[in-house]
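What follows is one structure encoded as C-alpha cells, with my remarks underneath.
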Amino acid sequence: DAGITQSPRHKVTETGTPVTLRCHQTENHRYMYWYRQDPGHGLRLIHYSYGVKDTDKGEVSDGYSVSRSKTEDFLLTLESATSSQTSVYFCAISSGGLTDTQYFGPGTRLTVL
Amino acid sequence: GENVGLHLPTLSVQEGDNSIINCAYSNSASDYFIWYKQESGKGPQFIIDIRSNMDKRQGQRVTVLLNKTVKHLSLQIAATQPGDSAVYFCAETNTGNQFYFGTGTSLTVIP
C-alpha cells in the first residue's frame, strides 16, 4: 500500500461522538487525500492537503474537518458523527497535484450506530 | 459530479480466458485515466494509466484502450488468473481538477 497506513482499521461509534481517523505516509509525498467509499458510489473526495497546514474541500466535505501538522500525517475528524457517515474511508497520497496518480491506504471501516 | 460508470456490475470468466472491463465517462475534457484493482478488504491498487494523447497502452498482461470519440475506456486482462478476482474501477480527471471514480465491476475468475 505504497507506504501508507491508516488507523484505526475498524471503529464502531455512536451518533454524536467525535471521531478522528489518522493517515500516515512514509513516502514524503506532498499531497494527501481523504475519500469515502459507499455502495453504489465511486470514491468521493472529502478533503485534501497540498502541504503542511494547507488543505481544501472536496465534493463531500460537510461534517468533516482535516488537519495536517506534519508532512507524514493527515487527520480526518468527524466532529459529531452521524449514521450517514458510516462508510469505508481511504487515504491516498500523490507526489504531484490533484491530477497526479494517487496511491491508496488500506482503509478504515467506520460504523456509526 | 462526473458521470463515470461501468457497463456491467459483474463479470465472470474462466481461468485462462481474456477479460474485458468497460468504463464510460461523460466529460469530453478528461485527459487522464487510471484503472484500479480493489481486492476485498483492501485499498485500491493502481494497475495502469493512459493520457488522452494515446489510444492504447500495455502493461504486464493488461491493456487499456481509450476511445475519445465515444468517451469509452476499457481494461483488457490477458490469461485471467484466480488472483485477478477483484473489483475494478476507472478514474478520470481533466488537468487541474479532482479525480472522479466509477462504481466498479466485480470480476470473478472461475477455476
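Figures for the structure shown
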item: Per residue, in Å², the accessible surface of the range B:4-110 once ligands and nucleic acids are set aside, probe 1.4 Å; result: 46 Å²
item: For chain B: relative contact order, % (alpha-carbon pairs under 8 angstrom, 6 or more apart); result: 38 percent
item: For B:Ile50, net neighbour charge (Lys/Arg +1, Asp/Glu -1) across residues whose Cβ lies under 9 Å away; result: +1
item: Listed pairs B:Lys37/B:Lys71; B:Lys37/B:Lys68; A:Lys70/B:Lys56; A:Lys70/B:Lys71 exceeding 30 Å between Cα atoms; result: A:Lys70/B:Lys56; A:Lys70/B:Lys71
item: Rounded, prolate or oblate (a/c below 1.5 giving rounded, otherwise prolate when a/b exceeds b/c) for the range B:4-110 by Cα gyration tensor; result: prolate
item: At R0 = 35 Å, FRET efficiency that the Cβ-Cβ distance of A:Ser95 and B:Gln76 yields, to 0.05; result: 0.80
item: DSSP bridge pairs, the protein assembly as shown: antiparallel proportion in percent, nearest 5; result: 90 percent
item: For A:Gly63, net neighbour charge (Lys/Arg +1, Asp/Glu -1) across residues whose Cβ lies under 15 Å away; result: -1
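The values are calculated or read from the model by the stated rules, or taken from the named source; none is laboratory data. Worth saying up front: this structure is predicted, and the values here are computed from it rather than measured. Heads up, the Cβs are rebuilt from the backbone with ideal geometry, glycines too, and the neighbour counts pull from every protein chain shown. The area values use the complete protein model at the heavy-atom level, side chains included, leaving out ligands, DNA and RNA. Shrake-Rupley method; radii C 1.70, N 1.55, O 1.52, S 1.80 Å.
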